[in-house]
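Student: Here it is, the structure, as structure tokens.
The values are calculated or read from the model by the stated rules, or taken from the named source; none is laboratory data. Quick caveat: nothing in here was measured; it's all calculated off a predicted structure. In this analysis, Cβ positions are derived from the backbone assuming ideal geometry, glycine residues included, and neighbour counts consider all displayed protein chains.
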């Protein structure tokens, strides 16, 4: 099991307590931070140098400052600069330092410099004393081999001397009397060997080159230089640079991983919906974590079950049909990153779920799964499962370390996505409510005018009819006054539901106050509007069963039609309202049944 680290605290402690002097400067080369080692090295307190130009702090001499400014400028142009130079303390004394200046990028722009200073005065002094003594041996020391081969002029190995290979229990005798193409060097790299070997035979000056060689399933990287011994023999001086190259690759992988993680974060925050964000996050995770070939994302629903929300190289639509209880998870609800190679517990699922998981999640062919927990506020809310179908040892320590970083970043992202989704739902709900009558949930006056205006504009463009129906419930005031406002509210709610059942999908009905309702019927002429009116009146007259009795209500309906009655919405509503009142006063009907 691997314990997660608090990286922010670790980095801060590393900065403060590092024996090397460390500076952080902004884009104007002004000092933002300096650790204790730097201050002691140059004889300042941190307070004295904050906000000052770095080259004004480490140099007083104009002659030295010119070269220092060049180095600083290179770093600000995006170059990593490593130099050894003389710098000056606060008291004016000079000393040798090794300086590594690394540009800090934000969105591709250099926004500062991270510099590390090391006092190399003692080393320089020793170097100067030994320089003359060791001058003639420098070449030998620089190219001191891990092993040496003696090769004849036909490219056949005569002898090999190698302590490092013996430590790896490699049978050296297996290479003797063989040519390079018989040892196991990659065919595509043999041309490089042959070229430099032929140059050595000619007596030409040769350069060291790097080549790979797989021995006993272990891949080595060898730096080789051929030197002519005599007319019949060539010396092969070889250094094992495997560790150096692998470390370089690891560093490059981590740099690439962090860059990709930043890209993922930016893309997720710009994604149009949460579901696409989850899928994007998983796809990029499979791409950037070494060893991953497929993957899935499980998230915990409010009901406590885990369900699939994203999948790579699996059938997500089918996997969405199944769920897991917490104790059915392979990884259990743990915050530890795990490498799982035993999947037999999946068989404890019921047959239906297991068959879906096995067929569409290909669980039987998974050799290893890197389980990455997603934790928010101390609670496990999901897991990334990054899978290898090729090797049970596909995930190494680097994969686990990357998974830790991924887990931290993903937890923050998913928390933010969920918060944004909740805020979006709340906003949509508020927007919906702002256009609704709170009692009936019908559109209110504002929303009705928006929709009706849009329909009227469309009718004008299409030269089609549109009708407005204005309805006032008959004797509703009697019901309200005699049976109470609660009953009145119940009647209005039931009336609204009946109106909605009467509508076509394109029609809109709104409550605009009291017991008054208004319809807009697109593509409806006067004759069709009369049919709709009769349908509404018929539905209204049906006895209405309430909590405290039964009532019957009716309604007076006025009609106005575009273009016959006008081409202005307010004008049409006014005409429909007027006609409704004419009908209401000329033909009243009883409004209450028995309680």
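Student: Kindly list the number of the only condition in (1) surrounded by 17 or more Cβ atoms within 10 Å (Cβ to Cβ); (2) touching a helix residue (DSSP H, G or I) at 6+ places or on another chain (Cβ under 8 Å); (3) within 30 Å of residue 161 (Cβ to Cβ) that fails for residue 223.
Tutor: Failing condition for residue 223: (2).
Student: Let me ask you something else. Within the bounds of region 529-543, is there any residue that is surrounded by fewer than 19 Cβ atoms within 10 Å (Cβ to Cβ), in contact with a strand residue (DSSP E or B) (Cβ under 9 Å, 6 or more places away or on another chain) and either modelled with pLDDT under 85 or not assigned by TED's automatic domain parsing to the domain that holds residue 469 (or both)?
Tutor: There is at least one residue in region 529-543 that is surrounded by fewer than 19 Cβ atoms within 10 Å (Cβ to Cβ), in contact with a strand residue (DSSP E or B) (Cβ under 9 Å, 6 or more places away or on another chain) and either modelled with pLDDT under 85 or not assigned by TED's automatic domain parsing to the domain that holds residue 469 (or both).
Student: Would it be correct to say that residue 65 is farther than 28 Å from residue 255 by Cα and modelled with pLDDT under 90? First the steps, then the outcome.
Tutor: Details: farther than 28 Å from residue 255 by Cα: yes; modelled with pLDDT under 90: yes.
Considered against the rule, which asks whether it is farther than 28 Å from residue 255 by Cα and modelled with pLDDT under 90, residue 65 comes out as yes.
Student: If you don't mind, there's one more thing I want to ask. Could you tell me which numbered condition residue 331 fails, if it satisfies all but one of (1) out of contact with any helix residue (DSSP H, G or I) (no Cβ under 6 Å at 6 or more places or on another chain); (2) farther than 26 Å from residue 290 by Cβ?
Tutor: With (1) out of contact with any helix residue (DSSP H, G or I) (no Cβ under 6 Å at 6 or more places or on another chain); (2) farther than 26 Å from residue 290 by Cβ applied to residue 331, the lone miss is (2).
Student: Take residue 236 and decide whether it is more than 39 Å from the chain's Cα centre (by Cα), buried (at least 17 other Cβ atoms within 10 Å of the Cβ) and over 30 Å from residue 369 (Cβ atoms). Step through it out loud before you land on a result.
Tutor: Details: more than 39 Å from the chain's Cα centre (by Cα): yes; buried (at least 17 other Cβ atoms within 10 Å of the Cβ): yes; over 30 Å from residue 369 (Cβ atoms): yes.
Yes.
Student: Hey, among 495, 520, 491, which residue is in contact with a strand residue (DSSP E or B) (Cβ under 9 Å, 6 or more places away or on another chain), in contact (Cβ under 8 Å) with a residue 24 or more places away in the chain, part of a strand (DSSP E or B) and not assigned by TED's automatic domain parsing to the domain that holds residue 382?
Tutor: Numbers: 495 fails: part of a strand (DSSP E or B); 491 fails: part of a strand (DSSP E or B).
Exactly one of 495, 520, 491 is in contact with a strand residue (DSSP E or B) (Cβ under 9 Å, 6 or more places away or on another chain), in contact (Cβ under 8 Å) with a residue 24 or more places away in the chain, part of a strand (DSSP E or B) and not assigned by TED's automatic domain parsing to the domain that holds residue 382, namely 520.
Student: Same structure, new question: Give me the residue from region 177-202 that is assigned to a helix (DSSP H, G or I) and closer than 11 Å to residue 151 by Cβ and, out of that set, farthest from the chain's Cα centre (by Cα). Give the steps one after another, and end with the answer.
Tutor: Residues of region 177-202 that are assigned to a helix (DSSP H, G or I), as a first pass: 180-182, 187-202.
Restricting the remaining residues to those that are closer than 11 Å to residue 151 by Cβ gives 180, 193, 197, 200-201.
Numbers: 180: 47, 193: 44, 197: 50, 200: 53, 201: 56 Å.
Taking the candidates together, the pick is 201.
Student: Then there is this: Quick check on this structure: which one of 239, 205 is at pLDDT below 85 and assigned to a strand (DSSP E or B)?
Tutor: Details: 205 fails: assigned to a strand (DSSP E or B).
On inspection, the qualifying residue turns out to be 239.
Student: Still on this structure: Which of the residues spanning region 389-400 are part of a helix (DSSP H, G or I) and either free of Cβ contacts under 8 Å to residues at least 60 places away in the same chain or within 12 Å of residue 335 (Cα to Cα) (or both)?
Tutor: 397
Student: From 227, 264, grab the single residue that is under 30 Å from residue 201 (Cα atoms) and either part of a loop (DSSP other than H, G, I, E, B) or in contact (Cβ under 8 Å) with a residue 12 or more places away in the chain (or both). Explain how you work it out, then say what you get.
Tutor: Details: 264 fails: under 30 Å from residue 201 (Cα atoms).
Result of the check over 227, 264: 227.
Student: Could you check region 544-587 and list, in sequence order, the residues that are surrounded by 14 or more Cβ atoms within 10 Å (Cβ to Cβ) and part of a strand (DSSP E or B)?
Tutor: Hits for region 544-587 are 544, 546, 551, 554, 555, 556, 557, 558, 559, 560, 561, 562.
Student: Take the residues in region 140-154 that are over 50 Å from the mean Cα position of the chain (by Cα) and modelled with pLDDT under 85; name whichever of them is surrounded by the most Cβ atoms within 10 Å (Cβ to Cβ). Quick ask: steps written out before the conclusion?
Tutor: Step one: list which residues in region 140-154 are over 50 Å from the mean Cα position of the chain (by Cα), which gives 140, 149-154.
Pick out the ones that are also modelled with pLDDT under 85 and you get 140, 149.
Details: 140: 11, 149: 21.
Here the answer is 149.
Student: Among (1) surrounded by 14 or more Cβ atoms within 10 Å (Cβ to Cβ); (2) without any contact (Cβ under 8 Å) to a residue 40 or more places away in the chain; (3) in contact with a helix residue (DSSP H, G or I) (Cβ under 9 Å, 6 or more places away or on another chain); (4) closer than 25 Å to residue 257 by Cβ, there is one condition residue 349 misses while meeting the rest; what is its number?
Tutor: Single failed check for residue 349: (4).
Student: Is it true that residue 456 is at pLDDT below 90 and either assigned by TED's automatic domain parsing to the domain that holds residue 518 or touching a strand residue (DSSP E or B) at 6+ places or on another chain (Cβ under 7 Å) (or both)? Quick ask: steps written out before the conclusion?
Tutor: On the way: at pLDDT below 90: no; either assigned by TED's automatic domain parsing to the domain that holds residue 518 or touching a strand residue (DSSP E or B) at 6+ places or on another chain (Cβ under 7 Å) (or both): yes.
Judged against the criteria, residue 456 is not a match.
Student: Something else about it: Of the residues 406, 370, 386, 357, which is within 11 Å of residue 292 (Cβ to Cβ) and not in a strand (DSSP E or B)?
Tutor: 406
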